[in-house]
Amino acid sequence: MRKALLSLLLIATGTIAFAQPKLTADNIDEVIAAMTLEEKVHMVIGCGMAFGEDVKFPGTAGRTYDIPRLGIKSAYLADGPHRLVLASKRDFDSRTFYTTEFPSSTTVAATFDYDAAYAIGQALGEEVRDYGLDVLLAPGVNLHRNALCGRNHEYYSEDPVLAGMIAAAYINGLQSKGTGACIKHFAVNNQETNRNNGDSQLTPRPLRELYLKAFEIAVKKSQPWSVMTAYNKVNGKFTCEDKDLTEVILRDEWGFKGVVMSDWNAGKDAVASMKAGNDMLQPGQPRQYQAILEAVQNGTLEESVLDRNIHRILEFVVKSHTFNDYVYPEKTDLEGHAALDRRIGAEGIVLLDNNGALPFAAEGSVAVYGTTSYDMVPAGMGFGSTGVGYYCVSMVEGLRKAGYKVDKSLIAKYKQHLAAERQRLYPHGLPPFSFTPIKRADEFVPTAEEFAAQTVANDYAIITLGRTSGEAADRRAEEFALKESEAALIKAVSEAYHKAGKPVVVILNICSPIETASWKESVDAILCAFQPGQEAGNSITDVLTGKVNPSGHLPMTFQVAYGDALSDKNFPYDYEFQLPDFGMGSGMNFQNKNKVEKPKEPVRNVDYTVYEEGVYVGYRYFDTFSKAVSYPFGHGLSYTDFKYEVLSSAISTDKCTVDVKVTNTGSVPGKASVQVYVKAPRGSMDKPSKELKAFAKTACIAPGESVTVTLDWNLMDMASFNEKKSSWELASGVYNWLIGASSSDIRATASQKVAKTKYVEAHKAMLPQK
């Protein structure tokens, strides 16, 4: 009795606290009930970015809030998508924490291969886990609406089916290792200029059919742990403050089960974000904490909204490596991942043209031109990558390792030229970090005497042209065109080597399309390598030599000139905007000192962008209106040839299926990409002439052999969005299925009939402001 009275006395005086619940997957509501209001507010905002000396994982994106008394641990977040971003060095630690620079997202999409995307995701999932983190902020699935978008290298394609399916495979690979994915930037985030305030204005049809579709596919096929809303507004509302986007469409229509977080420092109104179902604000700011706390206290924000959001956050946390006490080794399989990068980097290379110059003979001497041959672009710039990696294989190294001689006189000339250009461009040294691309060296043209010696000494000439891109700024129109020095180099090398009867090969080490129409006939072969990752020189050499038969296909259209695409007139191709500091201090060098005073009146294509082209983006425009292109969407050659034959096709209640026989009719083994486009009946609205609905990559097929590929898609995937009815409309009539190797290379057809028009209603959401 005396012990019981003493216990009651101690509890009453606060000397002993009541037993606190400890978080498990099964008691989330109980844990939330045990939180103070202040703890709840902390849970819905991040804990700042991991810069400084006192953080667990320096150089990473941040973490979720921890409450030790309730057993709540932080989940640690790192940026991506093609590299785990963390600081390679730590104070008072002799180790170096290297991570692999994998191929850019565009390169992965160019494989047209689910297995390739899955493998990249799986390897990144391993690296995140091995270094003690929990979630990779990737992939990005915004469309390539315009060739000059600064972040195209982080995104997959101009087509939502290709983007969505490749993203789903990447996410499934990543999450197979217990590492969470965060798909981004949701949604309609297609330019970097004024990205924190720009308003993407469009009608429901392109919104639904294009800009949301890739996210929809990926969410339904992979259930990522999280979705990141974008910086921009859509039709006047910030995405992180738009309930239609995050609750109605994402959760109610698509069945998303995870957590929604903001992009870093996105939006203006923290309370509106909470109400909209943007569960967590990253990286977290004191003003956001104060605003949410006061809103609950004064009754303008119901505490139940916080409880809902926190429930989702804790479901996210309990899945993490950290919560489950994973013992991480702080080292990863760098050798194995480098081999994977080399393989996928090669499979994403697109053979644009080949007049018999490739593959090279088994041995020979190569004259290597172009500054990029010696200073490759493995990836783009920004928080997702430094664009450098811990090493990058040059073309010189790749060719030498394959047994080729590389002209030593040219190596000496380029070493001297690159040193001089670096001093000219950066007299005080390269910046330690840059959001936007590092300025690249101009080209030089050898003298006639030098060419005379080089053409005698070498069997082949290669020229590598480089482009990169970065965060917070878009590319300029002049970057689509060749520089004068590049055009002069191609002309001079081609004339000299063709006079000697020797081939010239151009390699495009680029982030997104450049102008090719004016010069492509003057060279013998063109390889588009995009950004193959740290093994760039090895990947490209594997294709040049025939060790790898090229099987990549373009995930976007190469237009003839900038201005040809319908979106070009509604894009900030010539606007210089002051890059924001983001509160990061002088450690961030944004490489843009051209301050432009922002006018009071909203500036078209800067403060708002009207998507006047509607659904006619990329090949949907060029093919429908018979507009000439340099290379069509899906284009990619091989060192062999393939024949496609439709064996059967069918429509069931809710599924479409086609069986395609693919035969290697050439002389060497190779992989084929089978692309299925659908030409739909008009119904109540205009339609593109064709739209991609399914694709597949074969295994390697020996000469003379055949494989059968089965492709399928949902019946309603062929529907268009009827804005008047706010419904998906599957029009009655004949649907022509076009099976090909690109959008303009159709090799077999089938047709099926839909007897009756079918409608599937959708919410009236995210409508344009009047």
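About the Cα centre of the chain, how large is the charge dipole given +1 on each Lys and Arg Cβ and -1 on each Asp and Glu Cβ? Please answer in debye to the nearest 20. Show your work: numbers first, answer last.
Values: 82 positive and 92 negative charges, 140 e Å.
Dipole magnitude for the chain comes out near 680 debye.
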Simple spin-label estimate for Lys220 and Lys569 in nanometres, 7 Å along Cα-Cβ: 3.5 nm
Gain on full stretching of the segment that runs from Ala481 to Asn197 - 0.36 nm per residue minus C-alpha separation: 99.3 nm
Cα lying deepest toward the dipole's positive end in segment 425-502, options Phe451, Ile438, Ser494, charges on Cβ: Ile438
Contact order normalised by residue count of segment 48-114, Cα under 8 Å, 6+ apart, percent: 22 percent
Spacing of the two label points (7 Å from each Cα toward its C-beta) at Glu294 and Glu450, in nm: 6.6 nm
Positive-end extreme of charge dipole, the chain - chosen from Ser684, Ala116, Leu207 (charges on Cβ): Ser684
Label-point separation, Asn355 to Glu302 (7 Å along Cα→Cβ), nm: 7.1 nm
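List the equivalent ellipsoid semi-axes of segment 113-192 in whole Å, largest first, each obtained as the square root of 5λ for an eigenvalue λ of the Cα gyration tensor.
Details: eigenvalues 109, 37, 17 Å².
Working from the Cα gyration tensor, I get semi-axes of 23, 14, 9 Å.
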Carbon and sulfur %, accessible surface of segment 58-125 computed with the full protein complex present, 1.4 Å: 52 percent
Förster radius 30 Å - calculated FRET efficiency between Val707 and Ser176 (Cβ-Cβ, nearest 0.05): 0.70
Per-pair calculated FRET efficiency, R0 = 45 Å: Thr757 and Glu335 via Cβ, rounded to 0.05: 0.20
Kirkwood-Stokes translational diffusion coefficient of segment 365-476, alpha-carbon pairs, 4 °C, 1.567 mPa s, µm²/s: 84 µm²/s
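Quote the relative contact order of the chain in percent (integer), defining contacts as alpha-carbon pairs under 8 Å separated by 6+ residues. Before the final figure, lay out each step's value.
Working: 1855 pairs, mean separation 109.4, N = 770.
Rounded, it is 14 percent for the chain.
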Tilt relative to the chain, helix 448-457 - C-alpha long axis, 0 to 90 degrees, to 10: 90 degrees
Cross-link partners of Lys233 among aspartates and glutamates (Cα-Cα below 17 Å; sequence separation of 8 or more within a chain): Glu192, Asp199, Glu241, Asp242, Asp244, Glu247, Asp263, Asp269, Asp607, Glu612
Accessible area in square angstrom per residue, segment 731-770, 1.4 angstrom probe: 61 Å²
Extreme residue, positive dipole direction of segment 70-163, given options Leu136, Ser74, Thr99 (C-beta unit charges): Ser74
0 to 90° range, to nearest 10: angle between helix 114-130 axis and the chain longest Cα axis: 50 degrees
Label-zone membership for segment 623-656, site Asn736, 7 angstrom Cα→C-beta point, backbone N under 13 Å: 624
For segment 191-292, accessible area per residue (1.4 Å probe, heavy atoms of protein chains only), Å²: 26 Å²
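Express in nm, to one decimal, how much length is gained between Glu363 and Lys627 on full extension, taking 0.36 nm for each residue of separation and deducting their alpha carbon distance. Can you show the working numbers first?
Numbers: separation 264, 0.36 × 264 = 95.04 nm, distance 4.22 nm.
Additional length available on full extension: 90.8 nm.
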Reachable lysines from Lys56, criterion Cα separation under 17 angstrom, eight or more residues apart if same chain: Lys73, Lys89, Lys331
Proximal aspartates and glutamates to Lys415, defined as alpha-carbon separation beneath 15 angstrom and excluding residues fewer than eight positions away on the same chain: Asp375, Glu397, Asp407, Asp442, Glu443
222 nm mean residue ellipticity, helices alone, for the chain (DSSP H n ≥ 4; -39,500 (n - 2.57); rounded to 500): -7500 deg cm²/dmol
Where chymotrypsin sites (Phe, Trp or Tyr not before Pro) fall in DSSP loop in segment 613-678, at most 11 other Cβ within 10 Å: Phe625
Total charge dipole magnitude, segment 615-703, about the Cα centre, Cβ charges on Lys, Arg, Asp, Glu only, Debye to nearest 20: 140 debye
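Using a 1.4 Å probe on the protein chains only, how many percent of the accessible area of segment 196-279 belongs to carbon and sulfur? Write out the running numbers ahead of the final one.
Numbers: 930 of 2120 Å².
It is 44 percent, rounded to a whole number.
Expressed as a rounded percentage, what relative contact order does segment 638-748 have, with Cα pairs under 8 Å and six or more residues apart? Don't skip to the answer; put the middle values down first.
Numbers: 247 pairs, mean separation 33.8, N = 111.
Once normalised by length, the contact order is 30 percent.
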Leu767-Glu495 FRET efficiency (beta carbon distance; Förster radius 60 Å; 0.05 resolution): 0.55
Length added when fully stretched, Ser684-Ser727, from 0.36 nm per residue minus Cα-Cα: 14.3 nm
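For segment 613-701, state which trypsin sites (Lys or Arg not before Pro) are in a DSSP loop and have at most 10 other beta carbons lying within 10 Å of their beta carbon.
Working: sites: Arg620, Lys627, Lys643, Lys655, Lys661, Lys671, Lys679, Arg682, Lys690, Lys693, Lys697; in loops: Lys627, Lys671, Arg682, Lys690.
Here the trypsin sites (Lys or Arg not before Pro) that fit, given the DSSP loop and packing criteria, are Arg682.
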Rounded to 5, the percent of DSSP beta bridges in the chain classed as antiparallel: 60 percent
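Which links in Lys405/Lys697; Lys693/Lys725; Lys184/Lys724 stretch past 31 Å when you go from one Cα to the other? Mind showing how you got there, number by number?
Numbers: Lys405/Lys697 35 Å; Lys693/Lys725 24 Å; Lys184/Lys724 29 Å.
Among Lys405/Lys697; Lys693/Lys725; Lys184/Lys724, the Cα-Cα distance tops 31 Å for Lys405/Lys697.
Over segment 110-159, with the other protein chains present, what is the accessible area per residue in square angstrom, probe 1.4 angstrom? It would help to have the intermediate numbers written out before the result.
On the way: 570 Å² over 50 residues.
Spelled out: the 1.4 Å probe surface of segment 110-159, per residue, equals 11 Å².
The values are calculated or read from the model by the stated rules, or taken from the named source; none is laboratory data. Source: prediction; values computed, not measured. All Cβ positions, even for glycine, are placed from backbone atoms using ideal geometry, and neighbour counts span all protein chains on display. In case anyone asks, the SASA skips ligands and DNA or RNA and just uses the protein heavy atoms, side chains included. Shrake-Rupley method; radii C 1.70, N 1.55, O 1.52, S 1.80 Å.
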